[in-house]
Amino acid sequence: MPAIIKNLFKFATAGPAGAPFAITPSDTGQLTTLARFIMVGGAGDVKVQGLDGQTGTLPSCQPGVQYRANAKQVLSTGTSATGIVGIP
């Protein structure tokens with residue numbers, strides 16, 4: 001399989017979800033696993049950086065709701081939600 005195809009699988013955005021993982025927002029460190037969806041335990045905004053490098057804010061996230069993100073980073077600046085969980 002060509003290397004480019006293998007690299008695409010690393011960032012696949014379709015298929016079954018993986019195991020949820022805790023996210024600690026950081027302005028410097030990227031996630032080790034792509035977060036296709038994000039959920040929060042405590043309401044607030046979540047600022048993310050997507051696969052294309054663009055940043056955006058998911059405003060007023062509510063507990064128990066899955067938000068489509070395709071995030072490679074959750075930034076601490078601009079994030080007020082707590083208990084953030086990523087779903088690959």
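Among VAL85, VAL65, the ranking by other beta carbons within 10 Å of each residue's beta carbon, starting with the fewest, stands as VAL65, VAL85. The stretch between ARG68 and THR28 holds 12.2 nm of extra length on full extension. This uses 0.36 nm per residue minus the Cα-Cα distance.
FYI, it's all coordinate maths here, none of it is from the lab. These figures come from a predicted structure and were not determined experimentally. No Cβ is skipped: glycine too gets one built from the backbone with ideal geometry, and neighbour counts run over all protein chains shown.
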